[in-house]
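Each remark here refers to the structure printed beneath this line.
The values are calculated or read from the model by the stated rules, or taken from the named source; none is laboratory data. Since we're looking at a predicted model, the values are computed, not measured. Methodologically, a virtual Cβ is constructed for each residue, glycine included, from the backbone with ideal geometry; neighbour enumeration extends over all protein chains shown.
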Amino acid sequence: MLAGSAAHAQVLPKFGVKAGLNYATFNNTDNAEYKPGFAGGVYASFNIPATPMTIQPELLYAQYGSNFDDSDASFSVDYVQIPVLAKFGFGAPGVPVRPEVFFGPYVSFEINSDLEGQNVSANADDFFEDTDAGIVVGAGVKISRLNVEFRYTAGLTNVVANSNFEDNQKNGAFMLSAGIDF
């Protein structure tokens, strides 16, 4: 009976919070530079029994955008992002330090965007598409209940709705985050 309880306990999800730095730009855009921003949110981790694999859906607030060289102009685009990651851990389960690699799709919903420059800020919601989708790849290390991750988010859809600008502009961001399981 105790063995059955222990096996069932491994299937229960772990929940946690994470926060970190997002370093984003618009790929395929001339003169675009990386722009720092915040990223953070909540996640649930579902261990797959008898495997080193975990499925981790997340709900994040992420600041994207881009600075432009030779100008003080920048775009800031805020998203609610939902990645679903397949994580693969190395080493025996239960060890205090465990490296991981992960990948998976994401979808983002634009909640706010601004154009800033020359001491002026203007709403740019009509300039950007309402949704973005792409893939996430990364690696991290789990230290007991703490985890540290480095990931790259590659957008696969054009994020600019205005046809007067370059086509094929996609989000791209590096993210360094720390989190804790409850």
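Scanning region 117-165 for residues that are surrounded by 13 or more Cβ atoms within 10 Å (Cβ to Cβ) and among the charged types (D, E, K, R), which turns out farthest from the chain's Cα centre (by Cα)?
Asp125
With (1) surrounded by 14 or more Cβ atoms within 10 Å (Cβ to Cβ); (2) without any contact (Cβ under 8 Å) to a residue 40 or more places away in the chain; (3) under 28 Å from Phe46 (Cβ atoms) as the list, and Gly89 as the residue in question, which single condition is left unmet?
In the conditions (1) surrounded by 14 or more Cβ atoms within 10 Å (Cβ to Cβ); (2) without any contact (Cβ under 8 Å) to a residue 40 or more places away in the chain; (3) under 28 Å from Phe46 (Cβ atoms), Gly89 misses (2) alone.
As an exercise: evaluate Ser5 against (1) out of contact with any Lys or Arg (no Cβ under 9 Å at 6 or more places or on another chain); (2) at pLDDT below 90; (3) assigned to a strand (DSSP E or B) and give the number of the one condition it does not meet.
It is condition (3) that Ser5 fails.
What number of residues within region 27-65 satisfy the criterion of being within 16 Å of the chain's Cα centre (by Cα) and either small (Gly, Ala, Ser) or surrounded by 19 or more Cβ atoms within 10 Å (Cβ to Cβ) (or both)?
15
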